[in-house]
């Protein structure tokens, strides 16, 4: 079994594509690197927010399924999306930034020796920002050069992903025995596991609770994807899942990466995603990433129909000058 390299992306559900665009762009300072549609439901936007170049391990993506109800938080769900910053000084900056934008937060919190802040968006989606200070591990991404957050404090990738589960032992077996992760530590009701080179970009935190079963909706996470190198490794993971008798999607070509999906633990969808090809493609170069409605080749003949199905959202930023925001109080 090939070792997972870390977290590739996390996909959540939002009540508003417009509001999540504003929240991630102007408050969190992540770059929209692709505005496209859900490849299984072309009525639905799929927005990808990432680092300056759309590097693997940095993107949080969103669906805006129409008519969906609010997420019912509970057990057996991906409960919190982790993000990472360079150091503890950055955590202090984010406290000032959240105070300025009136975003409620908890912290700073020390968890597994890592300084963090917990917060939510307008839908109640849960996040955490973790400091990389003193940690070695999978490399971080790049600050968004033209974003509003100073480069030295910017979010530079995904951090630990939280799972709230009813059967902690079953999830540990899933992650360790079948997915090759390593158990690291327990703190209060949290359990830390790592993959690959470890660090914030390759960590999973399990949380035990007495809640009832979660129900998916907006304000909740749809799935988490883990990093693998290429199509060859993807085929090897398919063979591995076949050998352990796990049901899975088989090979899926998402154009921006190649994928495989499986529910190795009840109610939680895991994806295995390749490092490339990436988001800089024949439709958008580096300068205009996320500014057009981008479509994978198999949908391009239906562009006129799709453009009528999804309302236009203005995401042009290449003509803007966003001032880097410092807060003295």
Fill in the blank from the handout: residue 197 fails exactly one of (1) surrounded by fewer than 20 Cβ atoms within 10 Å (Cβ to Cβ); (2) closer than 30 Å to residue 310 by Cα; (3) at pLDDT 95 or above, namely (2)
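One line per residue, one yes/no per condition, for (1) surrounded by 10 or more Cβ atoms within 10 Å (Cβ to Cβ); (2) touching a strand residue (DSSP E or B) at 6+ places or on another chain (Cβ under 6 Å); (3) more than 27 Å from residue 258 (Cβ to Cβ):
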residue	(1), (2), (3)
271	yes, yes, no
276	yes, no, no
279	yes, yes, no
285	no, no, no
299	yes, no, no
306	yes, yes, no
309	yes, yes, no
317	yes, no, yes
325	yes, no, yes
Practice task
Kindly establish whether residue 14 is surrounded by 23 or more Cβ atoms within 10 Å (Cβ to Cβ), within 15 Å of the chain's Cα centre (by Cα) and closer than 21 Å to residue 135 by Cβ.
Solution key: no
Problem - region 96-136, residues that are surrounded by fewer than 16 Cβ atoms within 10 Å (Cβ to Cβ) and more than 22 Å from residue 184 (Cα to Cα) - result: 96, 99, 100, 101, 102, 104, 106, 120, 122, 124
Practice task
With respect to residue 289, determine if the residue is surrounded by 12 or more Cβ atoms within 10 Å (Cβ to Cβ), modelled with pLDDT of 95 or more and over 30 Å from residue 162 (Cα atoms).
Solution key: no
Problem - Residues of region 1-20 satisfying the condition of being in a helix (DSSP H, G or I) and more than 17 Å from residue 119 (Cα to Cα) - result: 17, 18
Exercise for the section: Test residue 142 against the criterion of being buried (at least 16 other Cβ atoms within 10 Å of the Cβ), touching a strand residue (DSSP E or B) at 6+ places or on another chain (Cβ under 7 Å) and either at pLDDT 95 or above or over 30 Å from residue 322 (Cα atoms) (or both), and give yes or no. Expected result: no
Practice task
Return a yes/no flag: does region 215-230 have any residue that is farther than 22 Å from residue 14 by Cα, in a strand (DSSP E or B) and out of contact with any helix residue (DSSP H, G or I) (no Cβ under 7 Å at 6 or more places or on another chain).
Solution key: yes
Problem - Hits in region 17-72 - residues which are surrounded by fewer than 20 Cβ atoms within 10 Å (Cβ to Cβ), out of contact with any strand residue (DSSP E or B) (no Cβ under 7 Å at 6 or more places or on another chain) and modelled with pLDDT of 95 or more - result: 18, 19, 22, 26, 27, 53, 55, 69
Handout entry: Output for region 157-212, where each listed residue is touching a helix residue (DSSP H, G or I) at 6+ places or on another chain (Cβ under 9 Å), assigned to a strand (DSSP E or B) and under 19 Å from residue 139 (Cα atoms)
Key = 158, 182, 193, 194, 204
Problem - Unique match (being free of Cβ contacts under 8 Å to residues at least 24 places away in the same chain and closer than 20 Å to residue 107 by Cβ) among 187, 120, 126, 207 - result: 120
Practice task
Tell me, yes or no, whether region 86-93 has at least one residue that is closer than 26 Å to residue 316 by Cβ and surrounded by 20 or more Cβ atoms within 10 Å (Cβ to Cβ).
Solution key: no
Completion exercise
Restricted to region 237-254 and to residues being part of a loop (DSSP other than H, G, I, E, B) and without any contact (Cβ under 8 Å) to a residue 60 or more places away in the chain, the residue surrounded by the most Cβ atoms within 10 Å (Cβ to Cβ) is 249
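The values are calculated or read from the model by the stated rules, or taken from the named source; none is laboratory data. Remember, it's a predicted structure, so these values are computed and weren't measured experimentally. Cβ coordinates were reconstructed from backbone atoms using ideal geometry, including for glycine residues, and neighbour counts include every protein chain displayed.
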